Amino acid sequence: MGHERWTAVDSYTTSSLVGRDRALDETLQASADAGLPAIAVSPPQGKLLHLLARSIGASCILELGTLGGYSTIWLARALAPGGHLITLEANSDYADLAIANIERAGLSAVVELRLGRALDTLAELHVEDRGPFDLVFIDADKQSTPDYFAWALEHSHPGTLIIADNVIRDGAVIDADSDDPAVEGARRLHELLQSESRVSATTIQTVGLKGYDGFTLALVNGG
Ligand SMILES: C[S@@+](CC[C@H](N)C(=O)[O-])C[C@H]1O[C@@H](n2cnc3c(N)ncnc32)[C@H](O)[C@@H]1O
């Protein structure tokens, strides 16, 4: 049992529960046509993000790592009335495509894309006093995930959900000797969470059409 089976099961659950959606399908197609890497969340993962955002009534969402806007669209569709989503992307070609995809999905009015390295755009958001955010989805350069998490925590409120994607990395997260920056990032995130009393967190391993990976879900305590 391996990738072929995981992909088939993702197809099954997608057709059973997620369904087809024109704007999302077109976003993936336009991204593939433009040669973007196929590293967007899978349809079931996109729907999970959507359901999580809806379940907390999120009206202020921050996403790090837009790519073609696939997860952005899932999340933006979950916004409570009057809500707003800020998404951060470093690559201007990806950002241009995402803006077109978000517009086609009819979400331009509620999505703001900030172009630039996330550590820089986060600093701008801080100066602008943006937030606190109800949900933060961390899905950019993986070595910086712990830094993004720390920023998100400082711009959160009790009840904020912080989700960090790709933290299992084919199981390499348990390899203490790894010099892969993405693995080091995932390990630093877990170390940070161990000593962080302000959140309650767990990490879930996943398999599917995107392979073997996983995500961390952290809830800011209190409230
Ligand atoms: C995994 S993809 C995001 C996928 C997207 N969230 C989705 O599921 O549809 C990661 C994205 O982060 C962007 N990225 C990488 N380093 C970044 C940085 N330092 N600041 C902002 N974005 C960055 C990449 O260009 C890429 O588009």
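Each reported figure results from applying straightforward, stated rules to the coordinates on display, with no laboratory input. Just so we're clear, the structure is a prediction, and the values are computed from it rather than from any experiment. Quick reminder, even Gly has a Cβ in these numbers, built from the backbone with ideal geometry, and neighbours come from all protein chains shown.
For GluC sites (Glu not before Pro), the sites in the stretch 122-176 that DSSP calls loop and that have at most 16 other Cβ atoms within 10 Å are E128. Remark: relative contact order (the chain) = 19 percent; criterion is Cα-Cα distance under 8 angstrom and separation of 6 or more residues.
Normalised by residue number, the volume inside the convex hull of the Cα atoms of the stretch 131-171 is 67 Å³ per residue. Distance between the modelled labels on A8 and Q29, one decimal in nanometres: 2.7 nm (7 Å Cα→Cβ projection). Extension gain for R20 to A123 (0.36 nm times residue separation, less C-alpha to C-alpha distance): 33.3 nm.
Here is how the number arises for the chain: DSSP H runs of 4 or more residues each give -39500 (n - 2.57), the sum is divided by the residue count, and the result at 222 nm is -12500 deg cm²/dmol. Mean-square fluctuation check for the chain, GNM, Cα pairs under 10 Å: which of G69, G116, G46 is largest? So, out of G69, G116, G46, the one fluctuating most is G116.
Taking the DSSP beta bridges with both ends in the chain, the antiparallel portion is around 45 percent. In terms of the mean number of neighbouring beta-carbon atoms within 10 Å, the peptides 78-88, 200-210, 158-168 order highest first as 158-168, 78-88, 200-210.
Give the shape of the stretch 112-208 as rounded, prolate or oblate, defined through the alpha-carbon gyration tensor: a ≥ b ≥ c are the square roots of its eigenvalues, a/c under 1.5 means rounded, and otherwise the shape is prolate if a/b is larger than b/c and oblate if not. In terms of gyration-tensor shape, prolate.
Among A30, A152, A53, the residue with the largest mean-square fluctuation in a Gaussian network model of the chain, with springs joining Cα atoms closer than 10 Å, is A30. Quick check: from the Cα gyration tensor, does the stretch 168-211 come out rounded (a/c under 1.5), prolate or oblate? Oblate shape, in that a/c is at least 1.5 and b/c is the bigger or equal ratio.
Cα centroid separation, the stretch 64-94 to the stretch 118-191: 16 Å. Assign one of three labels to the chain, namely rounded, prolate or oblate, based on the Cα gyration tensor with a ≥ b ≥ c the square roots of its eigenvalues; rounded applies when a/c is under 1.5, prolate when it is not and a/b is larger than b/c, and oblate otherwise. Rounded.
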